[in-house]
Amino acid sequence: RLEQYAALRDLPTVTRDGVSVELHLNAGLLVDLPHIEETGASGIGLFRTELQFMIASAFPRTNEQLKLYRSVLDVAGERPVVFRTLDIGGDKVLPYMRAIEEENPALGWRAIRLGLDRPGLLRSQVRALLRAATGRELRLIFPMVSAVEEFDRARHIVERELTHLRRHGHGLPDRVLIGVMLEVPALLFQLDQLFEKVDFASVGSNDLVQFLYAADRGNPRVADRFDALAPSTLRALKLIADKAAEYGKQVTLCGELASKPLEALALIAIGYRKLSLSPASYGPVKAMLLELDVAAVSALVAPLLATGSEVSTLRPQLKSFAEKA
Ligand code: PEP
Ligand code: MG
């Protein structure tokens, strides 16, 4: 199978009916980087910066952060990289940070909430990212944003750091694109205001699905209770893809859904044209994509998601479609 996938490496990621779908990789450490060349991926759709913090024994200094980010950009070369600012708290604890007692850590003081309340940490990370991208393009996203106002505040921190670097005569990135992770359901009802402001968006379906169904993503008793291919999930995801298109903003889906061929097929059917996946899933998802007839699967899916549809999940229909193809 592996050799079979390697043979697909140089084929463009275009479906049988000529639709181009970019496949990017999720990464977080230096060891992930060789996979870009191996797979021929279009770029890194999600770089989880907290991993460096999680394996360290103390807060990585700005310089160590800068070194990692620069290596990532060096390896990626012309290919785009999306860096996510620290997503700590919740299930991602730092051994050297004083633990705070919270009854519901997933709903607690985490990610951008922590970043905005303790901006020192976020500022130093943003500075490292801006400096690592001197003379190049920098793409940034903020995790767990739940209101447009939080995005504004986070972007303001980036702008302040840019001003600071400029004033002190440091080199700057050629271009800075600032986006948002869509993973808190409240953002679904602020999409117009949000897409007015962001440069791009990235859907974190792991958290979005967890919060949509109020089912802990890490608890096997409830994590599989709801099918991600149910109309509720797909309608929510389609709403995002449609709004992004309306505002002319790029959207990538970077949760685990994109890493499963049948789920990825559903995402393409509802309008996603950029997926970011784990390296091990790249071959299987690409193989699916090359065989796919997007017009046919979109025609199958549309009535199943329409008002009045009574299906509880689209899985059987998608499965039989995939098997017949
Ligand atoms: C997600 O929530 O889907 C996501 C991509 O981020 P993480 O899995 O790191 O929370
Ligand atoms: Mg997440």
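Bear in mind that the values in this text are calculations on the coordinates, not laboratory data. None of these values were measured; they are calculated from a predicted model. When we count neighbours, we look across all protein chains shown, and the Cβ atoms used for this are built from the backbone with ideal geometry, even at glycine.
Structure values in brief
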read-out: Whole-angstrom Cα spans of the chain along principal axes, big to small; value: 60, 45, 37
read-out: Gaussian network model of the chain, springs between alpha carbon atoms under 10 Å - residue of T39, T62, T307 with greatest fluctuation; value: T307
read-out: Descending Cα extents along the principal axes, the range 2-58, whole Å; value: 50, 24, 12
read-out: Bins of 5 Å from zero: percent of alpha-carbon pairs in the range 1-114; value: 2, 10, 17, 17, 15, 12, 10, 8, 5, 2, 0
read-out: Rh (Kirkwood; distinct C-alpha pairs) - the range 273-325, Å; value: 12.7 Å
read-out: Cα pair distances exceeding 15 angstrom across the range 226-325, given as percent; value: 59 percent
read-out: Proximal charge balance of A223 [Cβ under 12 Å; K/R count +1, D/E count -1]; value: -1
read-out: Sites excluded, GluC sites (Glu not before Pro) in DSSP loops with at most 11 other C-beta within 10 Å, longest stretch of the chain; value: 104-309
read-out: All-pairs Cα distance distribution in the range 147-208, expressed in whole percent, bin size 5 Å; value: 4, 16, 24, 20, 14, 11, 7, 4, 1
read-out: Under the span-like rule (Cα at least 20 Å along the axis, Kyte-Doolittle mean at least 0.0), DSSP H helices of the chain; value: 231-246
read-out: Within a Gaussian network of the chain (alpha carbon springs, distance under 10 Å), most fluctuating of A245, A58, A27; value: A58
read-out: Debye equation applied to the C-alpha atoms of the range 75-178, log10 I(q)/I(0) at 0.19 Å⁻¹; value: -0.97
read-out: Expected 222 nm ellipticity per residue - DSSP helices of 4 or more, -39500 (n - 2.57), all of the chain, to 500; value: -13500 deg cm²/dmol
read-out: Relative pair counts by distance (%), Cα atoms of the range 156-275, 5 Å bins; value: 2, 10, 19, 20, 15, 11, 8, 6, 4, 2, 1, 0
read-out: Stretch in the chain that is longest and holds no trypsin sites (Lys or Arg not before Pro) that DSSP places in a loop and that have at most 13 other beta carbons within 10 Å; value: 99-224
read-out: Cα radius of gyration and Dmax for the range 174-216 (Å); value: 12.0, 42
read-out: Two-decimal Rg to Rh for the range 56-101 - Kirkwood Rh, Cα set; value: 1.07
read-out: GNM result for the chain, Cα springs below 10 Å: residue of A215, A128, A244 fluctuating most strongly; value: A215
read-out: Cβ-Cβ FRET estimate between A287 and H164, R0 fixed at 45 Å, reported to 0.05; value: 0.40
